[in-house]
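Accompanying notes for the structure given below.
The values are calculated or read from the model by the stated rules, or taken from the named source; none is laboratory data. Model, not experiment: these values are computed from the prediction. Please note: Cβ atoms are built from the backbone with ideal geometry, for glycine as well, and neighbour counts cover all protein chains shown.
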Amino acid sequence: MFYQKIIRPILFKIDPERIHHIVIAILSVISSLPIIYSLIRRKLFISEPILQTKIGNLFFKNPIGLAAGFDKDITAPLAYPMLGFGYTELGSVTYSAQAGNPKPRLWRIPADSGLIVYYGLCNRGVLAAIKQLKKIKTHLVPYGLSIAPTTGLKLEEMADDYLKSFVLLAPLADYITLNVSCPNVANNDLFSQISFIRELTHKVDEFKKANNLAVDIFLKIGPDMEKEQYEEIVEICVSSGITAIIATNLIKKRDQIRANSAVEKLNHPGGISGKLLAQKSNEVIKILYRAARGRLKIIGVGGVFCAADAYGKIKSGASAIQLITGFIYGGPLTIRQINLELAKLLQADGFRNVDEAVGKENLI
């Protein structure tokens with residue numbers, strides 16, 4: 001409560017993008033100090049047998065992960081296991097460096113416990129990402145990297161652009177996420193097309209098989225498709241060797257939300273994160289889980305602020321969880337608290353581990 005009552009009001013008086021960079025810089029310094037790092041991690045990182053899960057070749061000591069978008073330039077990768085995350089997804093990274101959209105491009109909507117994000121995939125590109133990834137000497141948790149297309153490409157050029165990034169980055173990450181759902185770039189509708197997803201996953205799968213790569217591949221999708229499209233994506237993923245689908249990215253269609261925020265607070269371009277995304281995300285997870293029938297895993301993201309939120313996604317069909325906004329609003333003890341309470345919820349319902357709870361509220 002100290003963070004919510006004292007620290008957060010101070011932080012929220014500062015421009016959100018500026019304070020975000022300040023926080024990551026501080027995390028980078030703290031995580032480079034071995035004694036302090038060890039003390040904090042020992043306090044915040046929760047690993048109990050009931051929380052452990054496996055997705056593909058990846059073993060998670062707890063199922064709560066950091067979503068892509070928090071640390072785009074891989075500035076403080078060691079900080080996230082220190083804060084309790086069971087796995088970390090960095091990026092998104094594009095093959096070429098990008099400045100992103102003009103500022104301001106990040107807004108808070110506290111009345112809805114959310115953010116409006118319009119970064120436009122700003123990042124320093126693949127070569128800079130490679131340098132940063134090589135600095136991660138010990139993988140205390142699995143590290144994933146989200147890749148996305150360079151802005152301004154034609155649809156027929158995008159799959160090869162992804163593939164160029166994948167070829168260079170796959171050897172340095174525990175898994176690669178193909179982000180085909182970034183709602184804060186102009187060509188979002190293009191690279192989320194089913195035909196494009198089929199082409200992209202097929203090309204990546206061919207390269208992976210030809211080079212005998214063991215890296216797991218995830219696909220991140222948005223919340224704005226129809227049921228039939230999600231079912232088709234599942235079949236594409238199964239046939240292309242995708243390990244898991246991450247559902248979902250930010251919500252872009254404003255007619256799908258009922259906000260508490262004043263109209264002027266929402267009058268910004270981009271995708272909305274936080275509580276307004278929670279219900280839609282859970283609905284998509286249920287569709288994917290039914291369509292997958294155990295053939296691939298689902299990772300739930302969107303509106304997770306507490307253990308009950310995470311548990312709801314697990315029972316809807318998610319085998320693991322990702323979050324950013326809940327961490328920003330909840331503070332540095334958030335992940336520890338979620339894991340401790342999630343373990344209690346699982347125990348109370350008689351489950352021996354996370355896997356036993358997956359999809360239990362999604363039975364037909």
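Some points to look at:
- A single member of I46, I50 is in contact (Cβ under 8 Å) with a residue 12 or more places away in the chain, assigned to a helix (DSSP H, G or I) and either on the phi > 0 side of the Ramachandran plot or surrounded by fewer than 22 Cβ atoms within 10 Å (Cβ to Cβ) (or both), and it is I50.
- Answer residue from the stretch 234-255, given it is in contact with a helix residue (DSSP H, G or I) (Cβ under 8 Å, 6 or more places away or on another chain) and closer than 16 Å to G317 by Cα and is surrounded by the most Cβ atoms within 10 Å (Cβ to Cβ) among those: A247
- Verdict on I298 being under 30 Å from L213 (Cα atoms) and part of a strand (DSSP E or B): yes
- Considering the stretch 266-275, the residues that are in contact (Cβ under 8 Å) with a residue 24 or more places away in the chain and surrounded by fewer than 17 Cβ atoms within 10 Å (Cβ to Cβ) include one that is nearest to Y230 (Cα to Cα), namely P269.
- Residue-level check: of (1) of a type in the set (D, E, K, R); (2) assigned to a strand (DSSP E or B); (3) modelled with pLDDT under 95, K5 misses just (2).
- Applying the condition of being in contact (Cβ under 8 Å) with a residue 12 or more places away in the chain and within 15 Å of D71 (Cβ to Cβ) to the stretch 130-141 and asking which residue is surrounded by the most Cβ atoms within 10 Å (Cβ to Cβ) yields V141.
- Contacts under 7 angstrom Cβ, first residue in the stretch 66-91 being part of a loop (DSSP other than H, G, I, E, B), partner among the basic types (K, R), 6 or more apart: D73/R124; G84/R336; G86/K61
- Every residue from the stretch 333-364 that is more than 17 Å from K286 (Cβ to Cβ), part of a loop (DSSP other than H, G, I, E, B) and among the basic types (K, R): R352
- Verdict on R258 being surrounded by fewer than 24 Cβ atoms within 10 Å (Cβ to Cβ) and either closer than 22 Å to V141 by Cα or modelled with pLDDT of 95 or more (or both): no
- In the set L169, L127, L163, L178, only one residue is of a type in the set (A, V, I, L, M, F, W, C), loosely packed, with under 14 Cβ neighbours inside 10 Å and not in a loop (DSSP other than H, G, I, E, B); that residue is L127.
- Criterion (in contact (Cβ under 8 Å) with a residue 40 or more places away in the chain and over 21 Å from the mean Cα position of the chain (by Cα)) met by exactly one of K227, K252: K227
- Qualifying positions in the stretch 289-345 - out of contact with any strand residue (DSSP E or B) (no Cβ under 6 Å at 6 or more places or on another chain) and of a type in the set (V, I, T): I314, I324, I328, T334
- Against the conditions (1) at pLDDT 95 or above; (2) closer than 19 Å to A67 by Cβ, F166 satisfies every one except (2).
Let's see how each residue does on (1) of a type in the set (A, V, I, L, M); (2) modelled with pLDDT under 95; (3) farther than 28 Å from A159 by Cα; (4) touching a Gly at 6+ places or on another chain (Cβ under 9 Å):
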| site | (1), (2), (3), (4) |
| --- | --- |
| D71 | no, no, no, yes |
| A79 | yes, no, yes, no |
| L83 | yes, no, yes, no |
| V117 | yes, no, no, yes |
| G120 | no, yes, no, yes |
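- Among (1) on the phi > 0 side of the Ramachandran plot; (2) surrounded by 20 or more Cβ atoms within 10 Å (Cβ to Cβ); (3) touching a helix residue (DSSP H, G or I) at 6+ places or on another chain (Cβ under 8 Å) - the single one I217 does not satisfy: (1)
- A single member of A343, A278, A291, A247 is in contact (Cβ under 8 Å) with a residue 40 or more places away in the chain and within 27 Å of Y119 (Cβ to Cβ), and it is A247.
- Near pairs, Cβ below 9 angstrom, 6+ apart or cross-chain, from the stretch 1-20 (under 12 Å from W107 (Cα atoms) and touching a residue at least 12 places away in the same chain (Cβ under 8 Å)) to any residue that is surrounded by 11 or more Cβ atoms within 10 Å (Cβ to Cβ) and of a type in the set (V, I, T): F12/I19; P16/I328; H20/I328
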